[in-house]
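**Q** Encoded as structure tokens, here's the structure I'll be asking about.
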Amino acid sequence: MGIGHGGIKGELPHRGGKASLRGTMLLNGSYAQGVRITVLLFGPERDAAKTPHVWVELTGEKTCAALRSALRQAIPELQVSLLTARFAVNATFAPDSQALCEGDEVALIGMVSGG
């Protein structure tokens, strides 16, 4: 997966410009349909991606693990953060096995320290 294919959809400021991110084109020329998820980004992850949110269309497995994989491949600047970051789905921390549905509010929560 990567920019322009692999499930990322919407527009995202990327490396100083806008990259148009479209749905996945299958080998037979049709476009895959999936679940569209908005991922909210905060702090260092927001700074690294240069946007407060991204839209992701998951066309295969619709879990936090699949979302993590799609983000890792599409936004290289998040690769290190995605190793330890957690997802919150509808305001509750979620394991990577958590199923995602259209309309879920998903936030990528990076590691924080302090008291």
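**Q** Grab the Cα-Cα distance for ARG46 and SER97, subtract it from 0.36 nm times how many residues apart they are, and report the gain in nm with one decimal.
**A** Details: separation 51, 0.36 × 51 = 18.36 nm, distance 2.39 nm.
Length gained between ARG46 and SER97: 16.0 nm.
**Q** Now, a different point. Listing PHE93, PHE42 from the residue with the fewest other Cβ atoms within 10 Å to the one with the most, what is the order?
**A** Starting with the residue having the fewest Cβ neighbours, the order is PHE93, PHE42.
**Q** Rounded, prolate or oblate: which one fits region 50-115, using the alpha carbon gyration tensor with axes a ≥ b ≥ c (rounded when a/c is under 1.5, else prolate when a/b beats b/c, else oblate)? Walk me through the numbers on the way to the answer.
**A** Details: a/c = 1.63, a/b = 1.22, b/c = 1.34.
Since a/c reaches 1.5 but b/c is at least a/b, the shape of region 50-115 is classed as oblate.
**Q** Quickly rank 76-83, 60-67 as a protection proxy: mean count of other C-beta atoms within 10 Å, highest first.
**A** Working: 76-83: 15.4, 60-67: 18.9.
Top of the packing list down: 60-67, 76-83.
**Q** Okay, next question. Can you give me the relative contact order of region 37-115 as a percent, contacts being Cα pairs under 8 Å and 6 or more apart?
**A** Working: 126 pairs, mean separation 30.9, N = 79.
Rounded, it is 39 percent for region 37-115.
Any read-out appearing in this document is the output of simple, stated calculations on the displayed coordinates, not a laboratory observation. None of these values were measured; they are calculated from a predicted model. Don't worry about glycine lacking a Cβ; one is built from the backbone with ideal geometry, like all the others, and counts go over all protein chains shown.
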